[in-house]
Amino acid sequence: MRRLGPALLCLSLFTQAATAQTVGHETLKLDAPKPLLLPTPPMGWNSWNKFGCNVSETLIRQQADAMVASGMKAAGYTYLVIDDCWQKSRDADGNIQPDPERFPSGMKALADYVHSKGLKFGLYSDAGALTCGGRPGSAGHEFQDARQYAKWGVDWLKYDWCYTGPRTPEAAYTIMAKALRASGRDIVLSICEWGNSRPGRWAHPIGHLWRTTGDIWDAWKGKKEWSHGLLDIIDMNADLWAEAAPNGWNDPDMLEVGNGGMTTTEYESHFSIWAMLAAPLIAGNDLSRMDADTRRILTNAEVIRVDQDPLGRQGRRVWRQGDLEVWVRTLADGERAAVLFNRGEAPADIKVTWAQLDLAPHLKAQVHDLWSGRKTRGVSGEYGGRVAPHGVIMVRVTPAS
Ligand code: GLA
């Protein structure tokens, strides 16, 4: 069993106390507290980044098999989530129906298959009349849909924000949270309103994670319609660190590692910064066709260990000069993580100081480079190195005992 740290205990008390809140003129009461399902950020896979609407039971079974065979499950990835476009229609009683051509065996059989692999099963819906892909949404069917998901064996609901009309996100997500809690099954609620209403300020009693931005785009930087490249997503998340805590995480969107739009170095930076952000690690690539670098990055046990640190405190950017940055994260038991990040086009020397890490200047520590594996003992005052263009040095700093 995972150790529940003091931060988590506090949060759980806070969550239980905060089950009623006022939104405009409405009082939204959550009858049951948010189930404690994510003491550390979730890890899993989602179909959207690679496959879009091209989902089917064949694909999901293949990805479930690959999640086990590739070593992703052993590295900690658990949730397998079907994003948009699995839904087709509602029957005469309003029950949501999967696309019969793509999911001929039905969702219960598919969930059973995923569970038989020791994995968890997730689905997507939308708080509006339609999903972003134009399929039936859950507006007006929240309790009926939640009961259906529970019957199928769903463990995770990603709940999107297209076609929602005048309701506030807080009101709409509260309804689905109530419906899920009344369903009789523990289901993670993944809020996806793109950070529009700053969900970190209201979502703790309601959901387990919340998107903080529009969609990620598999590119180093820039904007394409409502999607943003890696640097843009990082900048939009840099100041939100105070809003995350165990069982309620900022979600800078799913991983693009392995999808081909960035270099291996850039994907290492992507994965490292996600670990510093205590971000959900939701792979978005084809797990059945991973090259060696993709597998090496996604299953780097030491970087994952930073992401999954039991203290659950999100890291932050503490220094920035031109294209060079230093990120730090306080870990459990007095350890620290740091990322030296070079966004520029030439190699650069970057260092982290013990002051930035909130460590006494003469304290001696072991510094473990999490990508090269090199360990250096007896370091004090600062640690630095030459960082490749678009690359990182990521370290765990362990004070000598
Ligand atoms: C929105 C979400 C994406 C994805 C698509 C599906 O854009 O932000 O993550 O779920 O909808 O249509």
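The values are calculated or read from the model by the stated rules, or taken from the named source; none is laboratory data. If you're wondering where the values come from, they're calculated on a predicted model, not measured in any experiment. FYI the Cβ positions are ideal-geometry reconstructions off the backbone, even for glycines, and counts take in every protein chain you see. Just the protein is used for accessible areas: all its heavy atoms, side chains included, with ligands, DNA and RNA removed. Shrake-Rupley method; radii C 1.70, N 1.55, O 1.52, S 1.80 Å.
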Legend entry - Selected residue (criterion: surrounded by the fewest Cβ atoms within 10 Å (Cβ to Cβ)) from residues of the range 65-88 that are assigned to a loop (DSSP other than H, G, I, E, B) and away from the ligand (no atom under 16 Å from the Cβ): Gly71
Inset, instruction - Could you grab me the full set of residues in the range 194-226 that are under 19 Å from Val81 (Cα atoms) and touching a residue at least 60 places away in the same chain (Cβ under 8 Å)? - result: Gly207, His208, Leu209, Ile216
Inset, instruction - Go through (1) outside any helix (DSSP H, G or I); (2) more than 16 Å from the ligand (Cβ to nearest atom); (3) surrounded by fewer than 19 Cβ atoms within 10 Å (Cβ to Cβ) one by one and return the number of the condition Arg102 breaks. - result: (2)
Inset, instruction - Hey, could you check the range 122-156 for residues that are surrounded by 24 or more Cβ atoms within 10 Å (Cβ to Cβ) and of a type in the set (Phe, Trp, Tyr) and say which is nearest to the ligand (Cβ to nearest atom)? - result: Tyr124
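Quick check on the range 253-260. Is at least one of its residues closer than 18 Å to Asn300 by Cα, open to solvent by 30 Å² or more (accessible area, probe 1.4 Å), touching a residue at least 40 places away in the same chain (Cβ under 8 Å) and away from the ligand (no atom under 16 Å from the Cβ)?
Scanning the range 253-260 turns up at least one residue that is closer than 18 Å to Asn300 by Cα, open to solvent by 30 Å² or more (accessible area, probe 1.4 Å), touching a residue at least 40 places away in the same chain (Cβ under 8 Å) and away from the ligand (no atom under 16 Å from the Cβ).
A quick yes/no check of all residues on (1) under 23 Å from Leu240 (Cβ atoms); (2) in the same structural domain as Gly71 (by TED's automatic domain parsing); (3) away from the ligand (no atom under 14 Å from the Cβ):
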site: Asp91; (1), (2), (3): no, yes, yes
site: Leu110; (1), (2), (3): no, yes, yes
site: Leu119; (1), (2), (3): no, yes, yes
site: Tyr173; (1), (2), (3): yes, yes, yes
site: Leu180; (1), (2), (3): no, yes, yes
site: Gly184; (1), (2), (3): no, yes, yes
site: Asn196; (1), (2), (3): yes, yes, no
Legend entry - The one condition in (1) open to solvent by 50 Å² or more (accessible area, probe 1.4 Å); (2) in contact (Cβ under 8 Å) with a residue 12 or more places away in the chain; (3) not in a helix (DSSP H, G or I) that His115 fails to fulfil: (3)
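On the given criteria, is Thr164 farther than 22 Å from Pro33 by Cβ, of a type in the set (Val, Ile, Thr), within 15 Å of the ligand (Cβ to nearest atom) and surrounded by fewer than 23 Cβ atoms within 10 Å (Cβ to Cβ)?
Yes, satisfied.
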Inset, instruction - Scan the range 276-292 and give yes if some residue there is open to solvent by less than 10 Å² (accessible area, probe 1.4 Å), on the phi > 0 side of the Ramachandran plot, in contact (Cβ under 8 Å) with a residue 60 or more places away in the chain and not hydrophobic (A, V, I, L, M, F, W, C), otherwise no. - result: no
Legend entry - Subset tally (residues that are in contact with a helix residue (DSSP H, G or I) (Cβ under 7 Å, 6 or more places away or on another chain) and basic (Lys, Arg)) for the range 38-58: 0
Legend entry - Options Thr213, Thr263: the member that is within 16 Å of the ligand (Cβ to nearest atom) and either open to solvent by 20 Å² or more (accessible area, probe 1.4 Å) or at pLDDT 95 or above (or both): Thr213
Inset, instruction - Kindly list the number of the only condition in (1) under 24 Å from the mean Cα position of the chain (by Cα); (2) over 17 Å from Ala275 (Cα atoms); (3) surrounded by fewer than 16 Cβ atoms within 10 Å (Cβ to Cβ) that fails for Arg386. - result: (1)
